[in-house]
Amino acid sequence: MGDTTFLDWPFFEQRHRDLARGLDAWAAQNIPQKHGPDVDAECRALVKSLGAAGWLNHAVGTPVTVRPELVEGPARGLRQTQPERSEIDTRSICLIRETLARHSGLADFAFAMQGLGSGAISLQGTPAQKERYLGNVARGEAIAAFALSEPEAGSDVAAMQCSARIEGEHAVLDGEKTWISNGGIADFYVVFARSGEAPGARGISAFIVDAGTPGFEIAERIEVIAPHPLAKLRFTGCRVPLSQRIGAAGEGFKVAMRTLDVFRTSVAAAALGFARHAMDEALRRATTRRMFNQRLGDFQLTQASLAQMATTIDSSALLVYRAAWQRDQGRNVTKEAAMAKLAATEGAQRVIDAAVQIFGGQGVVSGEPVEMLYREIRALRIYEGATEVQQLIIGRELLKSAGEAT
């Protein structure tokens, strides 16, 4: 698992340490290091595997404590016990994403989208909605998706054009969504649409739309540099029962922000996992690669680079787990989550770039771990709020605090 000293930080309880070590042992045995051309099939397989092993319980708010004495050897057949908790534990989510990202970007994606796609239901769904969807998500028997972004409304959610008009006991959806992860393979989508109760962000509602609902189609599949299922969705007179609405009419923006407050911090944790993997690869290269009758790591320039990488990783980790701990204490973490995402994603980009440089020409060979990490990290600086948006959020929160203090 590499450096695990951060698990001794006071942000964590023993159950978190057991979780991280148990998952690392399981992932080493069950997650492939490289993936083939059929990304859809591999994502489905990863979701099933994560669900069967119990890890997806965390994504829907039913944490599982893994006893460390039962993860020796191949780590198969882990026994799991259910603690008395029912809400999403942010520290657990972050530790899982960091650990999975260190092993496989696609495995992290598969886990994260089960959480993000069902998060609105976990946080604000009705008992009937939770019963219908969350068990299947946790078992890996249903794939979830979160449909917020549009061609002209990414970070600016208030510019949303997808509409939902009420006709009797149904909402009729019309419009498009894009950049939707799990688009094309999801069994259901949490869709945000303008329902018109008020202008701007206050007139948006959230609906659960099952795949195959008449009037809903996958308009286009989107290919990106780090392959994962991604698509544009189209709704044309798509009728959804009002019983599928999450929260009250016009509360969709609040539902979305509550969900993102949990999972934005976990994006930072995934970036941290990528950075730790890059650090491990760089250290291996520095201690085994010989140049001019000495190891690469004997050069002071290499040592300086490694020192900067390690400092960046630890400073990012402190921000990530401060935000996660604060959220688990019931505090507002809008500013802290934005800081964590900003620092961890930008920092991971620098760490991975430095690792590629240490590898030299080998670092840009397709399929090399650092080359794959270089492609994986880039999107994290954009999705769930680009770096520039995080800066705006932090600045806005600081000014708000200053205004309240005067």
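Values computed for the structure shown
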| quantity | calculated |
| --- | --- |
| Every residue from segment 384-399 that is loosely packed, with under 14 Cβ neighbours inside 10 Å and within 19 Å of the chain's Cα centre (by Cα) | E388 |
| Selected residue [at pLDDT below 95 and out of contact with any Pro (no Cβ under 9 Å at 6 or more places or on another chain)] from A226, A158 | A226 |
| For P199: the one exception among (1) touching an Asp or Glu at 6+ places or on another chain (Cβ under 6 Å); (2) without any contact (Cβ under 8 Å) to a residue 24 or more places away in the chain | (1) |
| Scan of segment 180-224 for residues that are within 23 Å of the chain's Cα centre (by Cα), closer than 21 Å to K254 by Cα and not polar (S, T, N, Q), ordered by number | I180, F188, Y189, V190, V191, F192, A193, A206, F207, I208, V209 |
| Tally of residues being in contact with a Phe, Trp or Tyr (Cβ under 7 Å, 6 or more places away or on another chain), in a helix (DSSP H, G or I) and either β-branched (V, I, T) or crowded, with 24+ Cβ neighbours inside 10 Å (or both) across segment 113-150 | 6 |
| Residue list for segment 222-274, restricted to those being surrounded by fewer than 21 Cβ atoms within 10 Å (Cβ to Cβ), in contact with a helix residue (DSSP H, G or I) (Cβ under 9 Å, 6 or more places away or on another chain), of a type in the set (V, I, T) and farther than 29 Å from D314 by Cα | V224 |
| Residue among A405, A337 that is exposed (fewer than 15 other Cβ atoms within 10 Å of the Cβ), aliphatic (A, V, I, L, M) and modelled with pLDDT under 95 | A405 |
| Count - residues of segment 172-208 that are assigned to a strand (DSSP E or B), in contact with a helix residue (DSSP H, G or I) (Cβ under 7 Å, 6 or more places away or on another chain) and closer than 17 Å to Q124 by Cβ | 8 |
| Members of segment 331-377 found to be small (G, A, S) and free of Cβ contacts under 8 Å to residues at least 24 places away in the same chain, listed by number | G360, G361, G363, S366 |
| I218 surrounded by fewer than 18 Cβ atoms within 10 Å (Cβ to Cβ), part of a strand (DSSP E or B) and in contact with a strand residue (DSSP E or B) (Cβ under 9 Å, 6 or more places away or on another chain) | yes |
| Breaking point among (1) in contact with an Asp or Glu (Cβ under 7 Å, 6 or more places away or on another chain); (2) among the basic types (K, R); (3) farther than 23 Å from A164 by Cβ; (4) without any contact (Cβ under 8 Å) to a residue 60 or more places away in the chain, for R284 | (1) |
| Options D24, D40; residue that is touching a Pro at 6+ places or on another chain (Cβ under 6 Å) and at pLDDT 95 or above | D40 |
| Selected residue (criterion: farthest from G105 (Cα to Cα)) from residues of segment 275-328 that are loosely packed, with under 14 Cβ neighbours inside 10 Å and aliphatic (A, V, I, L, M) | M291 |
| Unique residue being of a type in the set (S, T, N, Q) and either touching a Cys at 6+ places or on another chain (Cβ under 8 Å) or closer than 27 Å to S181 by Cβ (or both) when the list is T311, T288, T236, T302 | T236 |
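The values are calculated or read from the model by the stated rules, or taken from the named source; none is laboratory data. Worth saying up front: this structure is predicted, and the values here are computed from it rather than measured. Positions of Cβ are backbone-derived with ideal geometry, glycine not excepted, and every protein chain shown enters the neighbour counts.
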